Amino acid sequence: MPSKRAALDWLRFEVEQGRGDESCHVVDVAKEQRERIKNDKRKTRFVLDCDDPDLCSAFEREKDRIFKRVRNKVVMLGYMIRAWEESLSDQELDRMMAEDEGVEPR
């Protein structure tokens, strides 16, 4: 994802090429992420596009498994958040990425 400096350079280039009046959508990704986490609008819907039918199926399977066991959606979602928080520290994520892709941990 480009930085704001890179986006500014690209926008300047576009203007210099005579495309300054064309429509453009600029998004501050970090600001949007902070706003989603803060959730001042009190949004209650979370959507995750998996881009992979098998991965989507696995998410649904695990969600259903936990819900059938717990039988309370609010409690189930709390447990799922807790599981993600407790099992995936930054160090654990770095280790997993290194194993999967040969990526050097930070």
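Here D51, D90 are screened, and the one residue that is at positive phi, surrounded by fewer than 10 Cβ atoms within 10 Å (Cβ to Cβ), under 19 Å from the mean Cα position of the chain (by Cα) and outside the structural domain of A6 (by TED's automatic domain parsing) is D51. One residue stands out among those in the stretch 85-106 that are of a type in the set (S, T, N, Q) and part of a helix (DSSP H, G or I): the one that is nearest to I37 (Cα to Cα), which is S87. Within the stretch 70-84, identify whether any single residue is part of a loop (DSSP other than H, G, I, E, B) and loosely packed, with under 11 Cβ neighbours inside 10 Å, and answer yes or no. Scanning the stretch 70-84 turns up at least one residue that is part of a loop (DSSP other than H, G, I, E, B) and loosely packed, with under 11 Cβ neighbours inside 10 Å. Scanning the stretch 54-69 for residues that are among the acidic types (D, E) and surrounded by 10 or more Cβ atoms within 10 Å (Cβ to Cβ) turns up E60, E62, D64.
Of the listed requirements (1) within 26 Å of E32 (Cα to Cα); (2) outside any loop (DSSP other than H, G, I, E, B), R65 misses just one: (1).
The values are calculated or read from the model by the stated rules, or taken from the named source; none is laboratory data. Just so it is clear, the model here is predicted, and its values are computed rather than measured. Note: ideal-geometry Cβ built from the backbone for every residue, glycine included; neighbour counts use all protein chains shown.
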